[in-house]
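Peer 1: Sharing a structure, written as structure tokens. Questions coming.
Nothing in this text is a laboratory measurement; each read-out follows from the coordinates by a stated rule. A quick note: this is a predicted structure, and the numbers were derived from the prediction, not measured. Don't worry about glycine lacking a Cβ; one is built from the backbone with ideal geometry, like all the others, and counts go over all protein chains shown.
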Amino acid sequence: MDEILLNCRQPNEPRARESTSDCAAFNYVYYNTASAVPVMSMLEPGSNTYVCQKVPSIYLGKEGGKISFLVDTRAVPLKDLTADNLGSWTCRFTAHMKSRKYLVKKGKVMGHARHYGQVYPALQDYDYILHRQYYCHGNTIGPATIRKNIWYLSDKLCGGEVIGCAIISYEIGDNVTVKISKLRQQRASQLGNSPNLVTPTTEAMHLLKGEMTASGSSEDMDVSSVISMNPNAELQRFVNNMQVPQ
């Protein structure tokens, strides 16, 4: 078989909420609308206990649910927020990641940031820009899905500095499983994992990524084999095929 199922059964069933991830959860809500996002918590997190210093790993099981994390953008670069232990994220059915921007004034979301041509909202109309990136995992099996929203703040509509903490929010279906390529199965076997069940602990996945990078040949890997830092598959394929002049 070219593919096996990645079913991250780290916790035993039935599991507690705390066993869903290796990081402390901010809360157990899926933030799918801008008006519900706790902007002030992103700007001024009340307790460092709930602020993650890395991208959380997600453990899948029989029971699905909703979970959100606060991630320190000073410790985790913005481009790294898109990658986790579940592999490459895209919107399902070959669609690309979807993004939107919202105006924030005095800690409240005022509405969608619309701009046409070179006409942008005036600076006095907002304090921050709230960015939303929506993903649906493209390698799940059956009707169950895993959806993810990444929310972060910046001080300008285009470009600008990232402000405060980001929120990574998941909605996980019951009994959801994720496909993994044959190449990753072989690499996992070299790491001593079971050939029929891969348990993607953080340490093992970092080692797996390092070995795949060291192989160097684009013929040996496909896009789904790589824990990509960029959700755009076409861009990733272009980077993989680049030839460095000698």
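Peer 1: Find out how many positive minus negative residues lie around Ile168, taking Lys and Arg as positive, Asp and Glu as negative, among other residues whose Cβ is under 10 Å from that of Ile168.
Peer 2: Net of charged neighbours comes to 0.
Peer 1: Can you order the peptides 142-148, 170-176 by their average number of other Cβ atoms within 10 Å per residue, highest first?
Peer 2: 170-176, 142-148
Peer 1: Oh, and also: Would you mind counting up the charge near Val37? Only other residues with Cβ under 11 Å from its Cβ, with Lys and Arg at +1 and Asp and Glu at -1.
Peer 2: Numbers: positive: Lys108, Arg132; negative: none.
Here the count lands on +2.
Peer 1: What residues have an amide H closer than 5 Å to that of Met110, excluding those fewer than 5 places away on the same chain, when H is modeled at 1.01 Å from N in the peptide plane?
Peer 2: Leu103, Val104, Lys105
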